[in-house]
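Student: Sharing a structure here in structure tokens format.
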């Protein structure tokens, strides 16, 4: 099998791989934000650094050079061989197009909401996106022209709709959706299980695929009508209320307090010496950054397996399965430990466990494309 051309997000950076060569695509918007942030920090560094700051007790360790206030939140093919992606800061978000020459154009930006997960229709003129409103923690699906700002939301309700994808050759959108749980005051407390919804924009009909006790994520329609998606166990993120759990909390309180104190001094050591008091040896798992997990659909409770001593990078657990569902409703597991995937024009599957990208051919053979770290999204070109 010849190696596919792909684009992917790794460590929050965009990379393109063609003909066996990988290159990083630098965003002009991200660079300008970082330069502006660095300039502001330099102007105010006298307040928190130097001997005067130490004397007044205001000293703070300087941020590392890899500090990035910009987060890339989606990726899709663009017209004429370009790429379209969404990015956001704490203040604004936008849609950007980079052409084959590397010139970046801002197509849309707003401070009213966060726009994520773009998907380009086969007509090359229409985008489907996720619209996230942080005020009420809702996320809806919207459509808008590539060159224009006239967007309209096509889903509604108290739900968290993400990762829209066009069903090839139609005006139908498939996406993941979860109901929002709220307390008596209307505050956000969590998400229900993710199901897969298919919306017909012409008729307004909505079809659902769900599995009890499972999250169904990042759906894509493949050739022959097959539906691909990631399936993982659903976790509410809320502890079960019981007498046994209350007693266990009481018994473990001193140990948890000691762990918190150790963590405090470990952070203190990292700030002033650059070295931790404790290592990660023996650790089994670590949590994904909740902000990134929410954006990428892994629902904040998702965990990555900590690498063993002989391994380099964290990986998705084997309970995260890539599933293919045919038109009769029958399902089969295509691969295990899958964090992201896409389908090529030849109907082959490329997928990643977070530490490597592999290609699965229609004959069932799997081959390694490349190794990396924190590979979060994939796009077949």
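Student: Highest mean first, what order results for 149-155, 78-84 on Cβ atoms within 10 Å?
Tutor: Details: 149-155: 13.1, 78-84: 16.1.
Ranking the peptides 149-155, 78-84 by packing returns 78-84, 149-155.
Student: While we're here: Stick to Cα atoms and the Kirkwood definition of Rh, then tell me Rg/Rh for segment 97-141. Walk me through the numbers on the way to the answer.
Tutor: Details: Rg = 12.8 Å, Rh = 12.2 Å.
Ratio value, two decimals: 1.05.
Student: Provide 8, 113 in ascending order of the number of other Cβ atoms located within 10 Å of each residue's Cβ, fewest first.
Tutor: 113, 8
Student: Next question. Using the basic label-point model (7 angstrom from Cα toward the beta carbon), what is the residue 77 to residue 332 distance in nanometres?
Tutor: 2.6 nm
Student: Next up: Within 10 Å, count the other beta carbons around each residue, average over each peptide in 25-35, 132-142, and list them highest first. Let's see the in-between values first.
Tutor: Working: 25-35: 15.0, 132-142: 17.3.
Top of the packing list down: 132-142, 25-35.
Student: Right, next: Computed FRET efficiency, Cβ-Cβ of residue 34 and residue 149, R0 25 Å: what is it to the nearest 0.05?
Tutor: According to the calculation, E is roughly 0.45.
Student: If I take R0 = 25 Å and measure r between the Cβ atoms of residue 367 and residue 347 in this structure, what FRET efficiency does the formula 1/(1 + (r/R0)^6) give, to the nearest 0.05? Intermediate results must be reported in sequence, preceding the final value.
Tutor: On the way: r = 16 Å, r/R0 = 0.64.
Computed FRET efficiency for residue 367 and residue 347: 0.95.
Student: Sorted by mean Cβ packing within 10 Å, highest first, what order do the peptides 192-199, 331-338, 16-23 take? If you can, show how the numbers build up before the last one.
Tutor: Working: 192-199: 21.0, 331-338: 17.0, 16-23: 12.1.
Descending mean neighbour count gives 192-199, 331-338, 16-23.
Student: Quick one: in segment 85-178, what % of C-alpha pairs are over 20 Å apart? It would help to have the intermediate numbers written out before the result.
Tutor: Working: 1479 of 4371 pairs.
Summing the P(r) tail past 20 Å for segment 85-178 gives 34 percent.
Each reported figure results from applying straightforward, stated rules to the coordinates on display, with no laboratory input. Note that the structure is a prediction, hence the values are computed from the model and not measured. No Cβ is skipped: glycine too gets one built from the backbone with ideal geometry, and neighbour counts run over all protein chains shown.
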